[in-house]
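The structure under discussion appears below in the form of structure tokens.
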Amino acid sequence: MLPAVVRMNGEEHASWYAELVREVDPSVQTQDAPHRLAEMLTQWLKEANLATSLAELSVPSAGIDQFTEDALKQWTGTFNPIPLDANRVKALYLSVA
């Protein structure tokens, strides 16, 4: 989920991710940094033989509505820099389906 969360948060906070990415790629443009970081994270997940999608985990997309409802009850979403609501959380799950 982390690459998807980086992309979402990067829509409003690209400069935060640019600061991180510039440690390895000083030429990255601010607006490109969230996507670049998400790509880096995805690559590291693949190198570690970890799943990068719900399908790879055999998680049916039919459960996304329930996942969304459950995720909104978790404390971890309360400190996300972009407020989470059902539409945003569902979009995150759909992006990794």
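Read-outs: derived from the displayed coordinates by stated rules, not from any lab. Fair warning: this is a prediction, and the values are worked out from it, not measured in the lab. Note: ideal-geometry Cβ built from the backbone for every residue, glycine included; neighbour counts use all protein chains shown.
Things to note:
- Residue-count net charge about Arg36 - beta-carbon cut-off 14 Å; Lys, Arg +1, Asp, Glu -1: -3
- Calculated [θ] (222 nm, deg cm²/dmol) that DSSP helices of n ≥ 4 give over the chain, each run adding -39,500 (n - 2.57): -17500 deg cm²/dmol
- For the listed peptides 41-49, 27-35, a ranking on the average number of other beta carbons within 10 Å per residue, highest first, reads 27-35, 41-49.
- For the range 2-95, a crude dipole built from +1 on the beta carbon of Lys and Arg and -1 on the beta carbon of Asp and Glu, taken about the Cα centre, is about 80 debye to the nearest 20.
- Relative contact order of the chain: 30 percent, from C-alpha pairs under 8 Å at least 6 residues apart in sequence.
- Table column - 3J(HN,Hα) (Hz), the range 76-81, Karplus curve with 6.51, -1.76, 1.60, x for Gly and Pro: 4, x, 6, 10, 5, x
- For the pair Leu57 and Ile82, the difference between a 0.36 nm per residue extended length and the Cα-Cα distance amounts to 6.3 nm.
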